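As structure tokens, the structure follows; a few thoughts come after it.
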Amino acid sequence: MNHSIKRGVSLYSYQEEFFLKKMSLEDCIAATAATGATGIEIVGEQSIPGCPNIPSDKFVVQWFEWMDKYNVTPVAHDMFLDYNKKKGHYYTDEEAVESFKKDIRFAHKLGFKIIRVIVNTTPQIMEKVIPYAEDHDIKLGIEVHAPWHINSPWMTRHWEVMEKTGTKHFGFIPDMGGFTKRLAMVQVNRLIRQGADPEIAKFVCEQHEKGVMAEYTIYEVSRMSDRRIDMAVAELSRHNTFANPISLKEHMDRIVHVHGKFYDMTEDFIEPSIPYEDVINVLKDGGYNGYICSEYEGNRHIQDIQEVDSVLQVKRHQQMLVNYGVK
Amino acid sequence: MGPLDKYILREDALSSNAQGLGLRFQSHWYRALPLSCMDFNLKVNGIPVDEEKVEVEINGKRFPKQKMLELKDEWLFILDQATVHIPMQNPPKKGDICSIEFKLDLYIPYILIGPDQHPLLAGTLVTKNLLCQ
């Protein structure tokens with residue numbers, strides 16, 4: 001089937017350099033463009049001062065000037081629901097919907113057409129907010145984030161809302177972290193540096209790659225060690241799950257966006273923990289025509305021992321996408 | 001939390017004037033949080049600071065520290081700093097070095113954990129000798 005998958009970058013990828021003020025917001029946009037990617041994704045509260053409030057007119061003008069200057073397009077804003085902003089008080093559904101609408105207005109103002117909906121948003125809230133998203137022509141995508149997969153009961157409940165409403169403005173955003181075939185060594189090695197037993201770590205990695213259910217691995221490790229740090233290694237297998245990419249096939253027409261999560265890119269453009277080529281082939285075969293946005297999340301696992309180079313990591317990730325036929 | 005802890009208090013974080021000390025701090029969470037999701041404890045030269053008198057300045061506004069947990073609409077952007085104003089009768093002078101112990105607790109409002117669904121607590125203790133600016 002014909003596909004027209006496009007490449008983008010989540011500026012979340014550059015969080016290390018941005019936080020350390022080595023890169024400005026404009027630098028992040030420029031670095032994205034330099035990879036040949038054409039789409040921009042942001043976590044609003046990370047990239048834009050004042051978010052979730054509507055940015056000033058001056059900022060909005062500046063934002064679109066940058067989009068023109070670097071020939072890129074706003075693609076997705078990642079939304080969060082701060083259920084517990086005030087001690088002891090949890091959002092009612094009405095408060096959650098109001099917060100969500102604020103994100104919709106924010107995204108709309110900056111030209112984003114997609115909102116990544118945080119995975120713990122309930123189907124009830126989705127149903128209430130869909131008409132507002134339709135009015136603003138914003139597509140909402142529930143984040144299919146590990147340990148959930150696209151056929152998890154939680155996702156099925158969201159799918160039911162998509163079906164029931166018949167809306168074109170609600171779908172799925174699979175996160176590539178849900179296809180973690182092999183545990184990311186940057187994560188494992190960080191725990192070893194923090195004192196985890198290398199032999200136990202090796203065992204956990206082997207179990208994970210074999211597809212052994214995480215709970216069994218955790219049980220086995222609890223018999224080998226009573227140290228918290230060793231359990232933390234075992235629990236990596238619970239948080240970084242692998243689903244067969246074929247599971248996306250039946251939902252292809254509901255996939256509005258893809259998060260290209262990655263932990264470490266090798267010099268020869270391979271992400272060792274995630275079988276990107278397999279997932280991309282499923283997306284291509286299914287005729288997916290949205291964006292895959294690079295989302296580098298390795299920085300936090302190496303920042304204790306080396307300088308993080310997010311720009312290089314993203315560049316390699318984008319090259320990998322090109323190598324797999326995403327032009 | 002991790003290697004970014006050292007950026008909570010920068011080397012020029014402490015300042016002195018006739019009214020007392022000012023301590024600028026930054027959150028090192030990857031996403032801005034409202035002040036209602038933050039709390040801190042502070043010792044200057046080993047002595048706990050009297051919370052009742054402390055004020056926090058954020059986004060150009062000043063609030064009593066005790067109101068902090070109410071400030072759900074005052075977001076501290078990740079590149080910005082908030083200032084803790086500590087009134088003192090005889091504050092250290094510019095050029096003095098003070099031992100600062102600053103415990104910053106971030107209550108992550110969208111990561112609810114455990115059977116009671118409490119927000120994830122990301123706490124960090126920073127201890128630094130800082131030169132009064």
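The values are calculated or read from the model by the stated rules, or taken from the named source; none is laboratory data. Since we're looking at a predicted model, the values are computed, not measured. In this analysis, Cβ positions are derived from the backbone assuming ideal geometry, glycine residues included, and neighbour counts consider all displayed protein chains. For the accessible areas, the whole protein counts, side chains as well, though only heavy atoms, and no ligand, DNA or RNA atoms are used. Shrake-Rupley method; radii C 1.70, N 1.55, O 1.52, S 1.80 Å.
Structure notes:
- Where a residue in segment A:72-91 is more than 29 Å from residue A:39 (Cα to Cα) and at the interface with another protein chain (Cβ under 9 Å from one of its Cβ atoms) and its partner, wherever it lies, is open to solvent by 70 Å² or more (accessible area, probe 1.4 Å) and in a loop (DSSP other than H, G, I, E, B), with Cβ under 8 Å and at least six apart: A:83/A:90; A:84/A:90; A:84/B:117; A:85/B:72; A:86/B:72; A:90/B:117
- Residue in segment A:60-70 that is open to solvent by 20 Å² or more (accessible area, probe 1.4 Å) and within 12 Å of another protein chain (Cβ to nearest Cβ) present: no
- Residue within segment B:113-132 that is assigned to a strand (DSSP E or B), surrounded by 20 or more Cβ atoms within 10 Å (Cβ to Cβ) and within 14 Å of chain A (Cβ to nearest Cβ) present: yes
- Counted residues, segment A:251-281 - those being of a type in the set (S, T, N, Q) and either in contact (Cβ under 8 Å) with a residue 60 or more places away in the chain or closer than 15 Å to residue A:144 by Cα (or both): 1
- Helices (runs of 4 or more DSSP H) contained entirely in segment A:93-212, each with at least 2 residues that are in contact (Cβ under 8 Å) with a residue 12 or more places away in the chain and closer than 20 Å to residue A:295 by Cα: A:185-193
- Number of positions in segment B:21-35 that are more than 11 Å from chain A (Cβ to nearest Cβ) and either closer than 24 Å to residue A:299 by Cβ or surrounded by fewer than 20 Cβ atoms within 10 Å (Cβ to Cβ) (or both): 3
- Listed by position, the helices (runs of 4 or more DSSP H) inside segment A:261-327 whose residues that are over 27 Å from residue A:2 (Cβ atoms) number at least 1 are A:299-302, A:310-323.
- Applying a threshold of 9 Å to beta carbon distances and a minimum spacing of six or more residues, or different chains, the list of pairs starting in segment B:38-55 at a residue that is farther than 20 Å from residue B:123 by Cβ and ending at one that is among the charged types (D, E, K, R) and surrounded by 19 or more Cβ atoms within 10 Å (Cβ to Cβ) reads B:52/B:65; B:53/B:65; B:55/B:65.
- Hey, residue A:269 open to solvent by 40 Å² or more (accessible area, probe 1.4 Å) and either outside the structural domain of residue A:79 (by TED's automatic domain parsing) or of a type in the set (Phe, Trp, Tyr) (or both) or not: yes
- Unmet requirement for residue A:97, which otherwise passes all of (1) open to solvent by less than 20 Å² (accessible area, probe 1.4 Å); (2) more than 12 Å from every other protein chain (Cβ to nearest Cβ); (3) within 30 Å of residue A:322 (Cβ to Cβ): (3)
- For residue A:35, the test of being open to solvent by 50 Å² or more (accessible area, probe 1.4 Å) and under 21 Å from the mean Cα position of the chain (by Cα) is failed.
- Qualifying positions in segment B:86-99 - within 16 Å of the chain's Cα centre (by Cα) and either open to solvent by 40 Å² or more (accessible area, probe 1.4 Å) or within 14 Å of chain A (Cβ to nearest Cβ) (or both): B:87, B:99
- Qualifying positions in segment B:36-82 - open to solvent by less than 70 Å² (accessible area, probe 1.4 Å) and in a helix (DSSP H, G or I): B:36, B:37, B:65, B:68, B:69
- Residue selected from segment A:11-32 under the condition of a type in the set (A, V, I, L, M, F, W, C) and at the interface with chain B (Cβ under 9 Å from one of its Cβ atoms), by the criterion surrounded by the fewest Cβ atoms within 10 Å (Cβ to Cβ): A:20
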